[in-house]
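Working notes, structure below.
The values are calculated or read from the model by the stated rules, or taken from the named source; none is laboratory data. For clarity, every value in this text was computed on a predicted model and none was experimentally measured. Neighbour counts run over all protein chains shown; Cβ positions are idealised from the backbone, glycine included.
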Amino acid sequence: MTTDLRMSEILSSIPWFSELDHEQRNGIEKITILQNVPAGENIFLEGDLEDYLYILLQGQVAIEMMIPGLERICVHLVEPNELIGWSSVTPIIRQRTASARATTASQLLAIDSVKLRELCDDDHDMGYFLMRRLANTIATRLLLTRLQLVEIIKRNPT
């Protein structure tokens, strides 16, 4: 477990939270834990129930999807300061839409997604700011996934 001071420093250094004030970051700090994941270990699997939003601090994580007939394929390699498990913050989706596996030893922040949604409901300014950032992440991931799937289809015509 990390000290409160260290967690505060970590959150302050992440671009995702840079524009939040001290009180808002403090609220997020209270619902966040530090996780170390060895290389090759799954962080979560497609279809799992949602529980945490992750931010990669160190290492690399593969976002993978099951495609019938092609097994599990990597659709994105997550680098430090990127989000993992964005769908856990959305109000409707309750299952993981992809799997996440550490390709190298990785360190992540794990933010309780239910409590984060509650914070966003209680502080609409913070909620609006975080959801705008989340929307950018979603749009980027959808574009990258679409491009990846186009390549898969080109390589595997029916």
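Would you confirm whether any residue within the stretch 117-133 is part of a loop (DSSP other than H, G, I, E, B), at pLDDT 85 or above, over 15 Å from ILE43 (Cα atoms) and under 11 Å from the mean Cα position of the chain (by Cα)? Within the stretch 117-133, not a single residue is part of a loop (DSSP other than H, G, I, E, B), at pLDDT 85 or above, over 15 Å from ILE43 (Cα atoms) and under 11 Å from the mean Cα position of the chain (by Cα).
Yes/no matrix, rows are residues, columns are (1) assigned to a strand (DSSP E or B); (2) closer than 26 Å to ARG132 by Cβ; (3) among the small types (Gly, Ala, Ser); (4) touching a helix residue (DSSP H, G or I) at 6+ places or on another chain (Cβ under 7 Å):
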site	(1), (2), (3), (4)
GLU19	no, yes, no, yes
ARG25	no, yes, no, yes
ILE28	no, yes, no, yes
GLY40	no, no, yes, no
ILE43	yes, yes, no, no
TYR54	yes, yes, no, no
MET66	yes, no, no, no
ASN81	no, yes, no, yes
ILE92	no, yes, no, no
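Only one of the listed residues (THR140, THR145, THR104) is modelled with pLDDT of 95 or more, surrounded by 12 or more Cβ atoms within 10 Å (Cβ to Cβ), farther than 24 Å from LYS30 by Cα and β-branched (Val, Ile, Thr). That residue is THR104.
Candidates ASP123, ASP112: the one that is within 23 Å of ASN36 (Cα to Cα) and touching a residue at least 60 places away in the same chain (Cβ under 8 Å) is ASP112.
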